[in-house]
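Let me begin by presenting the structure, written as structure tokens, before commenting on it.
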Amino acid sequence: MKIYLVGGAVRDALLGLPVKDRDWVVVGSTPQEMLDAGYQQVGRDFPVFLHPQTHEEYALARTERKSGSGYTGFTCYAAPDVTLEDDLKRRDLTINALAQDDNGEIIDPYNGLGDLQNRLLRHVSPAFGEDPLRVLRVARFAARYAHLGFRIADETLALMREMTHAGELEHLTPERVWKETESALTTRNPQVFFQVLRDCGALRVLFPEIDALFGVPAPAKWHPEIDTGIHTLMTLSMAAMLSPQVDVRFATLCHDLGKGLTPPELWPRHHGHGPAGVKLVEQLCQRLRVPNEIRDLARLVAEFHDLIHTFPMLNPKTIVKLFDSIDAWRKPQRVEQLALTSEADVRGRTGFESADYPQGRWLR
């Protein structure tokens with residue numbers, strides 16, 4: 001029996017990042033040997049065990065074979081003859097296919113160290129294409145490590161496009177799509193997640209309401225970046241700088257969805273896009289089963305962000321009506337949340353990144 005530290009713990013340690021969770025692979029053992037050694041099996045059908053003292057996960061080395069559609073259609077084979085290299089080959093990216101033995105030596109059969117040094121996200125093998133969830137995972141890794149200069153290898157992005165065009169993403173459940181999206185929204189650069197999805201065609205499949213904003217112009221006087229899709233990603237980037245809250249970031253992402261409904265003959269103006277966007281927010285959130293609290297804030301931001309921009313001109317009656325509409329008396333945190341999302345909207349424009357936003361202070 002040989003035990004190796006694998007995956008994210010090895011990767012993040014090499015990058016000088018904090019290691020949160022440690023996963024281990026056990027080569028040359030059987031379930032009975034693990035139980036005899038005091039390990040506790042997590043599930044009867046899966047060769048994963050909890051260490052008797054640390055409660056960290058120890059998995060028997062295994063291979064996976066595609067046996068059905070989607071990300072659950074795999075048959076697992078775990079036995080003493082499965083090698084470490086076999087186990088690492090089933091992983092998604094080369095930087096996640098690294099292992100470390102008990103002497104601290106790095107085992108790197110798929111050039112993960114080279115890709116780590118070159119800041120490349122590259123798939124390990126063609127088997128990557130068998131799991132559609134990996135499209136979202138790579139987009140999330142791109143967002144997570146964007147500040148370190150990581151980019152997706154050309155051949156990996158090409159494979160992600162092939163998977164998207166083959167309809168593989170349609171096998172993903174709403175819960176898994178939202179889970180990956182929520183994780184991506186917690187990163188330092190969540191806008192990268194959505195840009196990667198657009199680059200491989202997945203945004204049109206999973207987030208058509210957001211994809212529809214690209215190519216929709218706004219008045220250059222107010223939006224030097226012109227393209228509403230670009231503005232949306234800029235506002236999300238700004239929201240990530242202003243707040244760590246997922247609900248604030250998601251609401252900012254959805255604030256201009258209504259502009260995707262404006263008839264082209266009315267471009268570049270979008271009168272009434274706020275209230276029009278509420279239905280699209282509800283549609284997106286219902287499809288992905290977004291939690292109610294996050295959905296409710298996104299609806300309010302879509303409806304009222306333009307009104308907040310005019311806050312100095314509002315009379316007391318309108319202000320009270322606004323506070324009633326956002327339920328500020330029972331949920332005072334929404335005042336701060338709307339101030340942040342509206343500020344992100346104003347500063348998420350080319351040349352306005354450092355703009356002051358007094359309306360936010362007045363609203364608070």
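The values are calculated or read from the model by the stated rules, or taken from the named source; none is laboratory data. Just so you know, these numbers come straight off a predicted model, no measurement behind them. We place every Cβ from the backbone using ideal geometry, glycine too, and count neighbours over all the protein chains shown.
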Problem set entry | Candidate set: the stretch 157-198, residues that are among the basic types (Lys, Arg) and touching a residue at least 40 places away in the same chain (Cβ under 8 Å); chosen: the one nearest to LEU133 (Cα to Cα) | ARG176
For this session: Go through (1) more than 27 Å from the chain's Cα centre (by Cα); (2) in contact (Cβ under 8 Å) with a residue 40 or more places away in the chain and name the single condition THR350 misses.
Result: (1)
For this session: Examine the stretch 125-143 for a residue that is aromatic (Phe, Trp, Tyr), touching a helix residue (DSSP H, G or I) at 6+ places or on another chain (Cβ under 9 Å), over 28 Å from SER237 (Cα atoms) and in a helix (DSSP H, G or I), and state whether such a residue exists.
Result: yes
For this session: Report whether or not THR318 is farther than 20 Å from THR181 by Cα and part of a helix (DSSP H, G or I).
Result: yes
Problem set entry | Only one of ARG122, ARG90 that is within 30 Å of SER237 (Cα to Cα) and within 25 Å of the chain's Cα centre (by Cα) | ARG122
Exercise. Of ALA59, ALA37, ALA13, which residue is aliphatic (A, V, I, L, M), out of contact with any Cys (no Cβ under 9 Å at 6 or more places or on another chain) and either buried (at least 17 other Cβ atoms within 10 Å of the Cβ) or at pLDDT below 90 (or both)?
Worked result: ALA59
For this session: Identify the single condition in (1) without any contact (Cβ under 8 Å) to a residue 12 or more places away in the chain; (2) under 27 Å from VAL177 (Cβ atoms); (3) acidic (Asp, Glu) that ASP81 does not satisfy, given that it satisfies every other one.
Result: (2)
Problem set entry | Residues located in the stretch 185-198, provided they are closer than 14 Å to LEU169 by Cβ and surrounded by fewer than 24 Cβ atoms within 10 Å (Cβ to Cβ) | ARG198
Exercise. Which condition breaks for TYR110 when tested against (1) part of a loop (DSSP other than H, G, I, E, B); (2) surrounded by fewer than 19 Cβ atoms within 10 Å (Cβ to Cβ); (3) not aliphatic (A, V, I, L, M)?
Worked result: (2)
Exercise. Which of the residues spanning the stretch 99-141 are more than 22 Å from CYS200 (Cα to Cα) and among the β-branched types (Val, Ile, Thr)?
Worked result: ILE106, ILE107
For this session: Can you confirm whether the stretch 36-59 contains a residue that is hydrophobic (A, V, I, L, M, F, W, C) and touching a Ser or Thr at 6+ places or on another chain (Cβ under 7 Å)?
Result: no
For this session: Tell me which of these ASP324 doesn't satisfy, since it passes every other one: (1) surrounded by 13 or more Cβ atoms within 10 Å (Cβ to Cβ); (2) in a helix (DSSP H, G or I); (3) without any contact (Cβ under 8 Å) to a residue 12 or more places away in the chain.
Result: (1)
Seminar exercise, completed: All conditions in (1) modelled with pLDDT of 95 or more; (2) in contact with a helix residue (DSSP H, G or I) (Cβ under 8 Å, 6 or more places away or on another chain); (3) under 17 Å from ASP256 (Cα atoms); (4) not hydrophobic (A, V, I, L, M, F, W, C) are true of GLU182 except (3)
Exercise. Which members of the stretch 310-321 meet the condition of being touching a residue at least 12 places away in the same chain (Cβ under 8 Å) and surrounded by 15 or more Cβ atoms within 10 Å (Cβ to Cβ)?
Worked result: PHE311
